[in-house]
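*Asks:* Right, I'll just put the structure down here and ask away after.
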Amino acid sequence: MLQSFSILKGSVASRPRSTESFVFFLHYRVTFLLLMFACLLVSSKQFVGDRIRCLAGPYGDISTALLDAYCWAASTYSVSSAYFKEVGIEVPHPGIGESENTSEYTYRNYYQYIHLVLFFQALLFYFPHMIWKNADNYMNNFYSSIEASKTTTSSQDTKAEKETESQFDLAATYIEDRWGTHLLYGLQYILCEVLSIINLIVQSYLVDVFLGGEFLGLGYFYIPYYNAKRFQDPISMFPLVTNCYFKKYGASGFVDTIDALCVLPINALNVKIYLFIWVWFAVLLGLSFASLLHFCLAWFFPKYRNLPLILKSLVFRNRVDHGYYKRVVMRGDFGDWFVLSSIKNNMDSLEFSHLMENLWYKLSNVGTETKEP
């Protein structure tokens, strides 16, 4: 079991997020890992045990393994009206009973596909990141141009400091040469974020269809009533005890129908997984729309672009002067701001301040030799 989870170790390790926002990171890394973890958990017999165990009653000549395999591969059923009867008096278990109305019988066989659905869900959440990763060549080229400045320390000699300064000058020149051409680059990233939101919404509806139309309203209906009494069998779409029809030839040569009683231990895990997924999807959707609103405000209102930095300075009381950054941002469009904010999130604050100082003088057509000491 532990070997199964060890394949996720490489994905948990911290990596630079380059230009991706934190919300985008939640989509392609955190959600991907959560769904893969759930997939491995459902597939592991160590935590679930036997997926199904059926009791045939007085029919002792039926193999238990045969009955278990048939009911798992075929389907089990519940009676919807039996959920509204008192357990222990009117019915033995929630959903277990009889009805003359055939429309009250709900047959379910999607339990055996849950691990596959979770696996493909995880892959779909990673897909927008793969698209952006293939398009994000700009930042890789930029980072390579300033790599030397990151490894230089303050204890080196004057010659090394001049080399470091030349690296900042090179990076500023790299940005200046492409100044005003980053709009398409920023638009491509926004489209990837929109694709992530569409993926989240479409997946929610597809899971709702897969679970018989009971997923979208899952949290609204059950979480307020998820107390100790209902904890044993809280959700009708994941019953712990169900029925299964099994037909065979009897001693008289006629077909006998056996109404077996089946226990599904795996549903005790499935119900908690999908309750968590419902909550996580709801939180992620809210954060995604907030992130998209942030980029839209930055696109249409240039003065908004400096607001996050101002708020961050007030909260963390950063003493690094970002005055040059604020001036540079107001001279460019949304794409330029997107590139600079991405660089800022992946650089040391002091180094970024030096870079913005170089860039400001270049954009102002003032030589570096005229800078104040």
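The values are calculated or read from the model by the stated rules, or taken from the named source; none is laboratory data. Because the structure is predicted, anything quoted here is derived from the model rather than measured. Counting neighbours? That spans all protein chains shown, and the Cβs are built from the backbone with ideal geometry, glycine included. In case anyone asks, the SASA skips ligands and DNA or RNA and just uses the protein heavy atoms, side chains included. Shrake-Rupley method; radii C 1.70, N 1.55, O 1.52, S 1.80 Å.
*Asks:* Any of 85/272; 303/344; 85/248; 303/362 with alpha carbons more than 29 Å apart? Name them for me.
*Replies:* 85/248
*Asks:* Could you report the accessible area of residue 331 in Å², rounded to 10, computed with a 1.4 Å probe on the protein chains as they sit in the structure?
*Replies:* 130 Å²
*Asks:* Testing the spin-label approximation: label points 7 Å from Cα along Cα→Cβ at residue 297 and residue 107. State their distance in nm.
*Replies:* 5.4 nm
*Asks:* Find out how many positive minus negative residues lie around residue 329, taking Lys and Arg as positive, Asp and Glu as negative, among other residues whose Cβ is under 13 Å from that of residue 329.
*Replies:* Counting the neighbours of residue 329, the net charge comes to +4.
*Asks:* When ranked by the protection proxy of mean other Cβ atoms within 10 Å per residue, highest first, what sequence do the peptides 265-278, 123-136, 297-310 form?
*Replies:* Details: 265-278: 19.2, 123-136: 16.6, 297-310: 14.6.
Ranked from most to least packed, the peptides come out as 265-278, 123-136, 297-310.
*Asks:* Can you give the FRET efficiency for residue 345 and residue 245, using 1/(1 + (r/R0)^6), R0 = 56 Å, r = Cβ-Cβ distance, to the nearest 0.05?
*Replies:* That gives a FRET efficiency of 0.40.
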